[in-house]
1. State yes or no: is Val95 touching a residue at least 24 places away in the same chain (Cβ under 8 Å), within 30 Å of Leu378 (Cα to Cα) and assigned by TED's automatic domain parsing to the domain that holds Ser53?
2. Find the residue count for segment 67-113, including only residues that are within 30 Å of the chain's Cα centre (by Cα) and not in a helix (DSSP H, G or I).
3. Here is a check on your reading of the model: is Arg210 of a type in the set (Lys, Arg), exposed (fewer than 14 other Cβ atoms within 10 Å of the Cβ), in the same structural domain as Val188 (by TED's automatic domain parsing) and at pLDDT below 75?
4. Search segment 272-286 for residues that are over 19 Å from Ser258 (Cα atoms) and pair each with any residue that is surrounded by fewer than 16 Cβ atoms within 10 Å (Cβ to Cβ) when their beta-carbon atoms are under 8 Å apart and the residues are at least 6 apart or on different chains.
5. Say whether the condition of being farther than 19 Å from Leu317 by Cα, in the same structural domain as Thr123 (by TED's automatic domain parsing) and within 22 Å of the chain's Cα centre (by Cα) is met by at least one residue in segment 142-149.
6. So, in segment 10-62, exactly how many residues are assigned to a helix (DSSP H, G or I), among the β-branched types (Val, Ile, Thr) and more than 16 Å from Lys89 (Cβ to Cβ)?
7. Would you be able to tell me the number of residues in segment 23-33 that are closer than 16 Å to Arg80 by Cα, modelled with pLDDT of 80 or more and touching a helix residue (DSSP H, G or I) at 6+ places or on another chain (Cβ under 8 Å)?
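The values are calculated or read from the model by the stated rules, or taken from the named source; none is laboratory data. The shown structure was predicted, so the numbers you read here are calculated from the model rather than taken from an experiment. Using ideal geometry, Cβ is built from the backbone for each residue, glycine included, and neighbour counts are taken over all protein chains shown.
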Amino acid sequence: MDIKVKGIVQKKSKLTSLNPFLDDLDILRVGGRLEKAETTTDVKHPIILPSKSHLTELILNEAHHNTLHGGPQLMINYLRTKYWVIDAKNQAKLVVRKCVICVRHAAQTRVQLMGQLPSARVTPIRAFYRSGVDYAGPIQIRTSKGRGHRAYKGYICLFVCMATRAVHLEAVSDLTSQGFIAAFKRFVARRGHCADLFSDNGTNFVGAARELRDLFAKEKSTLTTEIAECLANNGTTWHFIPPHAPHFGGLWEAGIKSTKYHLIRVIGTATLTFEEISTLLYQIEACLNSRPLSQISTNSQDPTPLTPGHFLIGESLILVPEHNYETSSISSLKRWQLTQRMLQQFWRRWSSDYLSQFLHRYKWANKTPEPEIGDLVLVKEDV
């Protein structure tokens, strides 16, 4: 070794910038510029370790465990008080990658190519003919106005149209089967017959309270016979999304998030009566049904953006009406034909403006290899 024989280091060596020297025990140390620093010799002149050696690997493993499975930066900072490892960053990363515990906790789930949208999302059909349902809450509801009145837990039942993203909100006083049936009957009475109803199956309620999980915790076959009977009598088929796949319910999860956004900002810490919370939910419903389904154009000549409200009443629910189609000279038949033409125009815009947004995959855009037989895998489950 040149430094031992001649006392010099080759210019191309990685040690050149360290100005190394051999101490009294022939241990290679960093020369550095800290000779006058008031600190220990090991800090001023740490021992130089090669990047690839069994000793270096053992020292790095010890540092990893002593730092409680710390990352590369923490490991290097811990070692610098005594050792200077060549190519320390990469060697520390290698140790972390070999650590079974760290690999297990840092493992990422396999992400497959985003699948095709279900037919219920891309088929033009009357609003709420195919709907999703979800619960939100709990929220505190007062028995009546005035002081000294007790509050009880209430919940929000959300129905969302699978095709138009229109939202229907109902306040419910409990999570019983009777409470849901009453909310469903009110929904059908105001929005018409619902042929298909989609919901979580209970094992993948995300971010919900324990009471909400308990509502759908039973198996499909025993999911409150009363609810199944009520849906069957109304000609409604209940569809459950696959277990452990909350992204299948992204449509109603987004509706719940938007509802909470408005609710929290309006209520704050106040406690409302059942009538007050119902009124507020109807107003929030109008706001959600006035959201544009497509990008808002900057051209003043373009028509106003399409909203779920256009499929419910022919216009946005919170904006000033665009046109007055009432004229005394138009007969009832002509007026009905005019309404049908308006509706057909809305569906044409829905097909061209709204559906085109789903041509892009904004996430899960790449297909990854499937696990093969014999592969060691970790199954992740949200708790």
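1. Details: touching a residue at least 24 places away in the same chain (Cβ under 8 Å): yes; within 30 Å of Leu378 (Cα to Cα): yes; assigned by TED's automatic domain parsing to the domain that holds Ser53: yes.
Here the answer is yes, as Val95 does meet what is asked.
2. Looking only at that region, the number is 11.
3. On the way: of a type in the set (Lys, Arg): yes; exposed (fewer than 14 other Cβ atoms within 10 Å of the Cβ): yes; in the same structural domain as Val188 (by TED's automatic domain parsing): yes; at pLDDT below 75: yes.
It is true that Arg210 is of a type in the set (Lys, Arg), exposed (fewer than 14 other Cβ atoms within 10 Å of the Cβ), in the same structural domain as Val188 (by TED's automatic domain parsing) and at pLDDT below 75.
4. Hits for this filter: Thr273/Thr143; Thr273/Ser144; Thr273/Lys145; Phe274/Ser173.
5. Going through segment 142-149, the residues farther than 19 Å from Leu317 by Cα turn out to be 142-149.
Still in the list and also in the same structural domain as Thr123 (by TED's automatic domain parsing): 142-149.
Adding the requirement that they be within 22 Å of the chain's Cα centre (by Cα) leaves none.
The answer is no; no qualifying residue exists.
6. Residues that pass the stated criteria total 3.
7. Number satisfying all stated conditions: 3.
Residues are listed down the side, and each one gets a yes or a no for (1) over 26 Å from Ala171 (Cα atoms); (2) modelled with pLDDT under 75; (3) exposed (fewer than 12 other Cβ atoms within 10 Å of the Cβ):
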{"site": "His105", "(1), (2), (3)": "yes, no, yes"}
{"site": "Gly115", "(1), (2), (3)": "yes, yes, yes"}
{"site": "Pro124", "(1), (2), (3)": "yes, no, no"}
{"site": "Gly132", "(1), (2), (3)": "no, no, no"}
